[in-house]
Amino acid sequence: MSIASVFDIALVALILTIGASAILVRTAFAAVVMFVVYGLLLSMAWVRLHAVDVALTEAAIGGGMTGLLLLGAVARSRSVNVDSVRVGYPLRLAAGALCALVVAGLAIPILHPPEAIPTLAPTVMENLPPSGLGNPVAGVLFVFRALDTLLEKVVLLLALLGVWSLAPDHAWGGTPGLQVYARPDPTLIFLAQLLPPVGIVFGIYMCWVGAKGPGGAFQGGTVLAAMWLLVIVAGLQRAPAIGRLWLRGLLVTGPVLFLVIGLAGWVFADAFLAYPAGYAKPLIVAVEAALTLSIAVALGMLAAGPPVRAQQQ
Amino acid sequence: MSLVMDILTICAVSAGALFFLAGTVGLLRFPDTLTRLHALTKVDNLGLGLIVLGLLPQTSSLLFAVKLVIVWLLVQLSGAVVTQLIAGAVRHHGADG
């Protein structure tokens, strides 16, 4: 057995253990911590499978962003003491049965793989060069399945609308109540002054490099959102009021540009979301740049939560 | 020459792994939060530092080496800050706060 397979087996065992403890721990906070560790380990598994794009997304969204959202949910539910809430047995049984069903559905194709595993990978690689992209993942996202990508970004906006709609009437259009520390912490302020320049360059780089290597709008946008949230949490900058025009403008810039280019495809390239020959790469990079900004703002505002205070004039 | 480089790599990475082991033992065995944090920061700084140092002779380009060093510096920064924050929280609210 090679060292690599020993590592892989240890990694899988660790992922299963952490996954089990995320379910078994008693407090919601500990479960979220386990979930974040689970996400990071899972991204290592994706690296081992040579799916670096998925690994980056898993680490950024699955571990980082979702973990932050869940931590926010735990903090908000402190007042009702979520750990003492007991869920009835029928509900638990139903949840367990549904999870078992999903696992069984996944296990069947893995344990009994078909003779020839259906794949579109050769077709993708064959048709990638005309787009000018070097990263097949970006090719699938922005050329072959562009409609899915467009709708995915719209779903993100819908999720944000869902969070915002939790605002009480008097706070509508006001500022979100993201406040982790009661008073500014000098260490955190130091980090919030030191890290964002590095993080912003890194986020832009990830978006830019996405056309030819692992990276892309979602990963870059998440890094930018993290930097923004760091500055807000450290108290250097307040979360903006959700009624601000620039904020709403940035939120829709990416999807709107994507949609406009998609509609223009009807005129110039005979199909919705088709790119005119020779212009595919610049258009895709433009869409990715706009999407990165929109994703960063949307994720940042998602984590900041519903508005709680009326906008100060 | 490459033999010297390989020996350097093996020595430095092994020493780094030893620090990780020691840090993990410390995390599990030390009595309270502050001493456990103390053990952890050693791992971040020295353990990862030695592993990066050991990997430097194996890099194919200068850019790659610079990237490794940047990763080490960023981990050091996050390690130091997070340790300070946890220690601050422990001082203000006690170990279970």
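The values are calculated or read from the model by the stated rules, or taken from the named source; none is laboratory data. In this text, all values refer to a predicted model and were calculated from it rather than measured experimentally. In this analysis, Cβ positions are derived from the backbone assuming ideal geometry, glycine residues included, and neighbour counts consider all displayed protein chains.
General remarks:
- Qualifying helices (runs of 4 or more DSSP H) (wholly inside segment A:92-196; at least 2 residues being closer than 23 Å to A:R76 by Cα): A:146-164
- Residue within segment A:193-205 that is surrounded by 22 or more Cβ atoms within 10 Å (Cβ to Cβ) and of a type in the set (A, V, I, L, M) present: no
- Taken over segment B:8-24, the criterion of being exposed (fewer than 14 other Cβ atoms within 10 Å of the Cβ) and either within 14 Å of the chain's Cα centre (by Cα) or among the basic types (K, R) (or both) is satisfied by B:S14, B:L18, B:L21.
- Scanning segment A:263-286 for residues that are part of a helix (DSSP H, G or I) and of a type in the set (D, E, K, R) gives a single hit, A:K281.
- The set of residues from segment A:294-310 being surrounded by fewer than 19 Cβ atoms within 10 Å (Cβ to Cβ) and either among the aliphatic types (A, V, I, L, M) or within 16 Å of A:W228 (Cα to Cα) (or both) comprises A:V308, A:A310.
- When the helices (runs of 4 or more DSSP H) confined to segment B:1-84 are screened for residues that are at pLDDT 90 or above, those reaching at least 1 such residues are found at B:2-29, B:48-55.
- For the residues A:G235, A:G199, the requirement of being small (G, A, S) and farther than 23 Å from A:A75 by Cβ singles out A:G199.
- Test: residue in segment A:164-179 that is crowded, with 17+ Cβ neighbours inside 10 Å and within 13 Å of another protein chain (Cβ to nearest Cβ): no
- Test: B:G79 is crowded, with 16+ Cβ neighbours inside 10 Å and within 24 Å of A:M227 (Cβ to Cβ): yes
- Scanning segment A:16-46 for residues that are closer than 19 Å to A:M65 by Cα and of a type in the set (V, I, T) yields a count of 5.
- Remark: A:F29 matches the filter, which requires a residue to be of a type in the set (F, W, Y), touching a residue at least 40 places away in the same chain (Cβ under 8 Å) and either surrounded by 12 or more Cβ atoms within 10 Å (Cβ to Cβ) or in contact with a Ser or Thr (Cβ under 7 Å, 6 or more places away or on another chain) (or both).
- The combined condition, being over 20 Å from A:V256 (Cβ atoms) and either surrounded by 10 or more Cβ atoms within 10 Å (Cβ to Cβ) or not assigned by TED's automatic domain parsing to the domain that holds A:R248 (or both), is not fulfilled by A:A146.
- Qualifying residue in segment A:295-309 (condition: in contact with a Phe, Trp or Tyr (Cβ under 8 Å, 6 or more places away or on another chain) and at pLDDT below 90): yes
- Residue among A:I61, A:I9 that is part of a helix (DSSP H, G or I) and more than 22 Å from A:P214 (Cα to Cα): A:I9
- A:A239 part of a helix (DSSP H, G or I) and either closer than 13 Å to A:L291 by Cβ or at pLDDT below 90 (or both): no
- Taking (1) surrounded by 15 or more Cβ atoms within 10 Å (Cβ to Cβ); (2) part of a loop (DSSP other than H, G, I, E, B) in turn, A:R86 satisfies each apart from (1).
- The single residue among B:I51, B:I86 that is within 25 Å of A:F29 (Cβ to Cβ) and either under 11 Å from the mean Cα position of the chain (by Cα) or surrounded by fewer than 16 Cβ atoms within 10 Å (Cβ to Cβ) (or both) turns out to be B:I86.
- Residue selection: A:L224 fails the criterion of being in a helix (DSSP H, G or I) and either within 14 Å of chain B (Cβ to nearest Cβ) or of a type in the set (D, E, K, R) (or both).
- One residue from B:A39, B:A89 being away from chain A (no Cβ under 14 Å) and aliphatic (A, V, I, L, M): B:A39
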